[in-house]
Amino acid sequence: MHQSHLQTLVRNKMKSGYSFQTKENMAKASVRNMNISTKHVVEIANYIRGRPLAQAKMLLQQSIDMKRAIPLKIYTDGPGHKPGMSSGRYHVKACTEVLKALNTLEANAKNKGLIVADLRLTNIVAQKAGKQWHYGRQKRSIFKNSHVEFAVEEVKGLSDKKKESKTTDSKSKESKTKKPKVTK
């Protein structure tokens, strides 16, 4: 029997339960029915995707502490500009939930035997989940939920690159601070 490419992809997706394929040097985590807006998760995911795991966690913590806003690239209707960027927001609740999920992802990577300092976020997928009704006598409200999938990949030498960049930065600072002596 001849199967189409789409049928093969659907069958492979159903086997793994994730929207992406994983390799041996990857770890993954999935959070279902997260009680946060999908729009917020999409903006956060776009901000931290491709970054080292430690840096992503630091950026989320700064957003929770209201020191650094998450830049809005897709859903920009309404929020004002923040210093040093265009529109942005401090998604405290969403960042807290994503940070918990990243901690779970880090624990999964440790259990798999990956080096935590060499982890880079490769895949983050946010999808709408079912809506929950909060019933009340006068006013009912609908809660927005999201399904989020995370994956990290171990990149060999990622921690070495950080150390090298720090040493080159310190050397360049030293060379900038030293002023040549002018003799007359």
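Residues that are at pLDDT 75 or above, small (Gly, Ala, Ser), within 23 Å of Arg49 (Cα to Cα) and surrounded by 10 or more Cβ atoms within 10 Å (Cβ to Cβ): does the stretch 165-175 have at least one?
Start the filter on the stretch 165-175 by keeping residues that are at pLDDT 75 or above, which leaves none.
Checked against the condition, which is being at pLDDT 75 or above, small (Gly, Ala, Ser), within 23 Å of Arg49 (Cα to Cα) and surrounded by 10 or more Cβ atoms within 10 Å (Cβ to Cβ), the stretch 165-175 yields no hits at all.
When you go through Gly113, Gly157, Gly130 one by one, which is the residue that is modelled with pLDDT of 75 or more, touching a helix residue (DSSP H, G or I) at 6+ places or on another chain (Cβ under 8 Å), more than 22 Å from Ile64 (Cα to Cα) and small (Gly, Ala, Ser)? Steps first, please.
Working: Gly113 fails: touching a helix residue (DSSP H, G or I) at 6+ places or on another chain (Cβ under 8 Å); Gly130 fails: touching a helix residue (DSSP H, G or I) at 6+ places or on another chain (Cβ under 8 Å).
The match here is Gly157.
A quick yes/no check of all residues on (1) in contact with a strand residue (DSSP E or B) (Cβ under 7 Å, 6 or more places away or on another chain); (2) basic (Lys, Arg):
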site: Asn108; (1), (2): yes, no
site: Lys112; (1), (2): yes, yes
site: Arg120; (1), (2): yes, yes
site: Ala129; (1), (2): yes, no
site: Gln138; (1), (2): no, no
site: Ser141; (1), (2): yes, no
site: Ser159; (1), (2): no, no
- Which residue pairs have Cβ atoms under 6 Å apart, sit 6 or more places apart or on different chains, and have a first residue in the stretch 122-143 that is surrounded by 13 or more Cβ atoms within 10 Å (Cβ to Cβ) and a second that is modelled with pLDDT under 80 and of a type in the set (S, T, N, Q)? Val125/Ser19
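Yes/no per residue for (1) at negative phi; (2) surrounded by fewer than 16 Cβ atoms within 10 Å (Cβ to Cβ); (3) among the β-branched types (Val, Ile, Thr); (4) not in a helix (DSSP H, G or I):
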| site | (1), (2), (3), (4) |
| --- | --- |
| Lys23 | yes, yes, no, yes |
| Tyr47 | yes, no, no, no |
| Ala56 | yes, no, no, no |
| Met66 | no, yes, no, yes |
| Lys93 | yes, yes, no, no |
| Asn111 | yes, yes, no, no |
- Task: Answer yes or no: is there a residue in the stretch 28-39 that is hydrophobic (A, V, I, L, M, F, W, C), in a strand (DSSP E or B), touching a Lys or Arg at 6+ places or on another chain (Cβ under 6 Å) and modelled with pLDDT of 90 or more.
- Result: no
- Of (1) out of contact with any Ser or Thr (no Cβ under 7 Å at 6 or more places or on another chain); (2) surrounded by fewer than 19 Cβ atoms within 10 Å (Cβ to Cβ), Gly80 satisfies all except one. Which? (1)
- Task: Assess whether Thr76 counts as being part of a helix (DSSP H, G or I), hydroxyl-bearing (Ser, Thr, Tyr) and farther than 20 Å from Met26 by Cβ.
- Result: no
- Under 7 Å by Cβ, and 6 or more places apart or on different chains, what pairs join a residue from the stretch 72-84 that is closer than 14 Å to Thr38 by Cα with one that is in a loop (DSSP other than H, G, I, E, B)? Leu72/Pro79
- Message: Taking the conditions exactly as written (modelled with pLDDT of 90 or more and among the hydroxyl-bearing types (Ser, Thr, Tyr)), does Thr76 satisfy them or not?
- Response: no
- Task: Please specify each residue of the stretch 107-117 satisfying the condition of being in contact (Cβ under 8 Å) with a residue 60 or more places away in the chain and of a type in the set (D, E, K, R).
- Result: Lys112
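The values are calculated or read from the model by the stated rules, or taken from the named source; none is laboratory data. Just so it is clear, the structure is predicted and the values come from calculations on it, not from any experiment. Here Cβ is always computed from backbone atoms with ideal geometry, including for glycine, and neighbour counts include all displayed protein chains.
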